[in-house]
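The structure under discussion appears below in the form of structure tokens.
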Amino acid sequence: MSVAFWVYLIIFIAFLACGAPIYMALLSSGLSYCFLHGGIDNMAVMAKMYGSLDSFVLLAIPMFMAAGIVMNNGGITDRIFNVCRALLGHLPGGLAYVNVLASFLFSGMSGSALADVGGLGNVEIKAMRDEGYDDDTIFGITAASATMGPIVPPSIPMVVYGSAASVSVGTLFVAGLGPGIAIGIILCIAVFLVSKRRKYQVHKRATLRELLGCIKRSFFALLLPIIIMGGIMCGYFTPTEASCIAITYCIFVVCLVYRDMPFRHLLGVVDGTVSGIVPALAIVSSASLFGWVLQFEHLGQKMYTGIMAVTDNKWLILLIIDLILLFFGMILDSTPTIMLLVPIFQPLTQAVGISSIHLGIIVVLNLMIGLMTPPYGQSLFMLSGTTGVSFNKIVKYVMPWLLPMFIALLAVTFIEPITLAIPVMLGFEVF
């Protein structure tokens, strides 16, 4: 490794240690590398950074962000929760099952784990507290079920991965259905075991009339994931076009059909979207400088040579990738991690026959588990901020629920059909 590369690492780590924004750490270390290395055209660097944002695929990110904000502010989360409660509220520990199912359905609309925690999570936590659930169950299942947000399509991190890896975002969306269902089943098994031991109260089963009434009141909200995925699967529109349809549909439903949000509040939606998308795009642009580091230091080739010298078994390689991603997921956000690591992983996984679609789901799932692990876990901070419970207590409550998530991760990693069976059946190209 060159002196410029070590300076790059030192500056990057120093900025993170000082609490600087990630894009500043990436930008400062990248520019320092270019300056020290020499022989790198400054205009080419600027063109590289600008070009990384000139992507039709990335347009989907602000649209799905805006849709999530509209749904949280427009009452859609409450309607989804009420339907799930009517379906599953009569089971022992019913609200914990409701938590999982509601997160699965909301995931099919927002594409964001944090939108799930910040919006639907507040509804779930209040309902479970009112019925006397233990705090470890409340916060654990809320954080764990929110990880389905970017797994069940649509998914903002999958859009970022698709852009970084140059693979079809539509295929990634379809491939996320199987893992999303698998995660939901594993979490429900964990809920069953906890509920059986703690003997949570059972509610009266909702009558058919009550259930149909909830579905009727929530019909337009429940129709959104069908529109999004149905349109993508049938080839009517691309994921980016689907994101535009999603925000348009959400505004129509909450402002004109349900009338839970006046049009004047849309300015707040724009403000929240811009506040969320600007840091994300700054990270994408500054992380593109890492491409120069890869190019001049041959890091991808060095990692490929090093790992292949140890093993060429694709399952061991996937396990190594899981460990690397879990570590980075604990200390970095998903966007910079994807932009930094995917270009390194791809040559290695392609050499041993691992599908880029399969890799994408593994990457996203690992990084979503990172949202519920300290020290960087954003879901943990959001739960602490919205409920007033200390961060340390949230960590204590959530830690046991990492076990079912690790089981789900191993299943998705080593059982390829969970990820690839549905897209293959529908005729999507997965290799």
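Brief remarks follow.
- Restricted to helices (runs of 4 or more DSSP H) entirely inside segment 144-211, those with at least 2 residues that are free of Cβ contacts under 8 Å to residues at least 12 places away in the same chain and within 25 Å of MET399 (Cα to Cα) are 177-198.
- Of the criteria (1) on the phi > 0 side of the Ramachandran plot; (2) surrounded by fewer than 22 Cβ atoms within 10 Å (Cβ to Cβ), which one GLY93 fails: (2)
- Test result for ALA86, over 21 Å from ILE156 (Cβ atoms), in contact with a helix residue (DSSP H, G or I) (Cβ under 6 Å, 6 or more places away or on another chain) and modelled with pLDDT of 85 or more: yes
- Residues that are among the small types (Gly, Ala, Ser) number at least 1 in the following helices (runs of 4 or more DSSP H) confined to segment 323-431: 334-351, 356-370, 378-387, 402-414, 416-425.
- The set of residues in segment 37-58 that are in a loop (DSSP other than H, G, I, E, B) and exposed (fewer than 10 other Cβ atoms within 10 Å of the Cβ) comprises GLY38, GLY39, ASP54.
- Taking each residue of segment 407-431 that is touching a residue at least 24 places away in the same chain (Cβ under 8 Å) and under 17 Å from PHE173 (Cβ atoms) and looking for partners that are small (Gly, Ala, Ser) and surrounded by fewer than 18 Cβ atoms within 10 Å (Cβ to Cβ) with beta-carbon atoms closer than 7 Å, six or more apart or interchain, yields ILE418/ALA411.
- Among the residues making up segment 233-256, those that are within 18 Å of GLY74 (Cα to Cα) and either polar (S, T, N, Q) or open to solvent by 30 Å² or more (accessible area, probe 1.4 Å) (or both) are SER243, CYS244, ILE245, THR248, TYR249, ILE251, PHE252, LEU256.
- Any hit, segment 216-232, residues being at pLDDT 90 or above, within 30 Å of SER55 (Cα to Cα) and either surrounded by 17 or more Cβ atoms within 10 Å (Cβ to Cβ) or in contact with a Ser or Thr (Cβ under 6 Å, 6 or more places away or on another chain) (or both): no
- Of all residues in segment 257-300 being assigned to a loop (DSSP other than H, G, I, E, B) and without any contact (Cβ under 8 Å) to a residue 60 or more places away in the chain, the one that is least open to solvent (accessible area, probe 1.4 Å): PRO262
- Subset of segment 192-208 that is closer than 10 Å to PRO92 by Cα and open to solvent by 100 Å² or more (accessible area, probe 1.4 Å) - its residue that is modelled with the lowest pLDDT: LYS199
- The residue pairs whose first member lies in segment 1-21 and is over 14 Å from TYR33 (Cβ atoms), whose second member is open to solvent by 60 Å² or more (accessible area, probe 1.4 Å) and among the aromatic types (Phe, Trp, Tyr), and whose beta carbons are closer than 9 Å, counting only pairs six or more residues apart or on different chains, are PRO21/PHE15.
- Subset of segment 124-167 (residues that are surrounded by fewer than 21 Cβ atoms within 10 Å (Cβ to Cβ) and touching an Asp or Glu at 6+ places or on another chain (Cβ under 9 Å)): ARG129
- Residue among ASP322, ASP312, ASP333 that is more than 20 Å from the chain's Cα centre (by Cα) and charged (D, E, K, R): ASP312
- Cross-chain or 6+ apart pairs with Cβ under 7 Å, segment 108-120 first and crowded, with 24+ Cβ neighbours inside 10 Å and at pLDDT below 70, then assigned to a helix (DSSP H, G or I) and aromatic (Phe, Trp, Tyr): SER110/PHE64; GLY111/PHE64
- Considering only residues in segment 343-390 that are over 15 Å from MET330 (Cα atoms) and without any contact (Cβ under 8 Å) to a residue 24 or more places away in the chain, the one that is most open to solvent (accessible area, probe 1.4 Å) turns out to be GLN350.
The values are calculated or read from the model by the stated rules, or taken from the named source; none is laboratory data. Quantities reported herein were computed from a predicted structural model and do not represent experimental measurements. Cβ atoms come from the backbone with ideal geometry, glycine included; neighbour counts cover every protein chain shown. Ligands, DNA and RNA are excluded from the accessible area calculation, which covers all protein heavy atoms including side chains. Shrake-Rupley method; radii C 1.70, N 1.55, O 1.52, S 1.80 Å.
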